[in-house]
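The values are calculated or read from the model by the stated rules, or taken from the named source; none is laboratory data. Every value quoted in this text rests on a predicted model; they were computed, and no experiment measured them. When we count neighbours, we look across all protein chains shown, and the Cβ atoms used for this are built from the backbone with ideal geometry, even at glycine.
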Amino acid sequence: MIRLLFLLTVFLISACSPKYRTEKVYYPPPDKSCVERCIKDRLKCQSDCQDRYNRCLKQSVLRAERIYRQVEDQYEKELKRYYREYDLYLKKKGYAESQLKRLRQELDFYRRICSRYKDREACDRKKQLEKRLRYIKNKKLKPPAKPRKVSFDEILKQERKACTCDCGCKEIYDACYQSCGGKVEVRKVCIENCD
């Protein structure tokens, strides 16, 4: 109950707290032609960056196709190995089940002999069989893990993560703007729940 009240209090406080946005304010330099050069450089930077990004996306498809072929070959090998291991697992499981059935029948026999006649050999054999059954039951056979098939889309998505369209053009522009004598001021502006 106390935890719930604490979480509710934290939620209410955070819901009412002000929200801010960071924005840049540009104060122009005396030399306007210098700023025009900065703008041209930024536009070129953005254009080059977009071209590199588009090339990267095209190359990512080629890389993904190559990787997919390799992954597919590996998957086929792993699948064949899985089926061999699964067949072996089924044989072992069948053998273990038949062994359990035989041991249970034998145990039932020796339990009856032990309880009726208190025969020492029968009682010792009963204990051995109980121990053996517990061992077999605890030693569970696990089926082999089936390999997971990876889709082309997964690989392509991973390859496209290497592509970026952020080349730092804004930062380059800001540095150029300031070298022209302008001033760039970064400030927080309240956008919600402001007092």
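Please work out which one of (1) of a type in the set (A, V, I, L, M); (2) closer than 30 Å to ARG84 by Cα; (3) modelled with pLDDT of 90 or more is the condition LEU107 fails and give its number. Of everything listed in (1) of a type in the set (A, V, I, L, M); (2) closer than 30 Å to ARG84 by Cα; (3) modelled with pLDDT of 90 or more, LEU107 misses just condition (2).
Going through the range 79-107 one residue at a time, which ones are loosely packed, with under 12 Cβ neighbours inside 10 Å and over 30 Å from LYS149 (Cβ atoms)? Of everything in the range 79-107, those that are loosely packed, with under 12 Cβ neighbours inside 10 Å and over 30 Å from LYS149 (Cβ atoms) turn out to be TYR95, SER98, LYS101, ARG102, GLN105. Which residues, taken from the range 157-187, are out of contact with any Phe, Trp or Tyr (no Cβ under 8 Å at 6 or more places or on another chain) and either charged (D, E, K, R) or within 30 Å of LYS77 (Cβ to Cβ) (or both)? Scanning the range 157-187 gives LYS157, GLN158, GLU159, ARG160, LYS161, ALA162, ASP166, LYS170, GLU171, ASP174, ARG187. Filtering the range 28-57 down to residues that are surrounded by 12 or more Cβ atoms within 10 Å (Cβ to Cβ) and not in a helix (DSSP H, G or I), which residue is nearest to the chain's Cα centre (by Cα)? The qualifying residue nearest to the chain's Cα centre (by Cα) is PRO28. Of the residues making up the range 117-136, those that are surrounded by fewer than 12 Cβ atoms within 10 Å (Cβ to Cβ), modelled with pLDDT under 90 and not aromatic (Phe, Trp, Tyr) are LYS118, ARG134. Here are some conditions: (1) closer than 19 Å to ILE172 by Cβ; (2) without any contact (Cβ under 8 Å) to a residue 12 or more places away in the chain; (3) surrounded by 11 or more Cβ atoms within 10 Å (Cβ to Cβ). ARG112 meets all but one. Which one does it not meet? So the condition that ARG112 fails would be (1). Checking the conditions here, which among LYS157, LYS183 is under 30 Å from PRO30 (Cβ atoms), within 46 Å of the chain's Cα centre (by Cα) and surrounded by 10 or more Cβ atoms within 10 Å (Cβ to Cβ)? Checking each option against the conditions leaves just LYS183.
Does the range 141-154 contain at least one residue that is surrounded by 11 or more Cβ atoms within 10 Å (Cβ to Cβ) and modelled with pLDDT under 90? Scanning the range 141-154, I find at least one residue that is surrounded by 11 or more Cβ atoms within 10 Å (Cβ to Cβ) and modelled with pLDDT under 90, so the answer is yes.
Of ALA175, ALA162, which residue is of a type in the set (Gly, Ala, Ser), modelled with pLDDT under 95, exposed (fewer than 15 other Cβ atoms within 10 Å of the Cβ) and farther than 30 Å from SER33 by Cβ? The unique qualifying residue is ALA162. When the range 116-165 is limited to residues that are of a type in the set (A, V, I, L, M) and in contact (Cβ under 8 Å) with a residue 60 or more places away in the chain, the one that is nearest to TYR83 (Cα to Cα) turns out to be ALA145. The requirement of being in contact with a Lys or Arg (Cβ under 6 Å, 6 or more places away or on another chain) and either surrounded by 14 or more Cβ atoms within 10 Å (Cβ to Cβ) or not charged (D, E, K, R) (or both) is satisfied by SER60.
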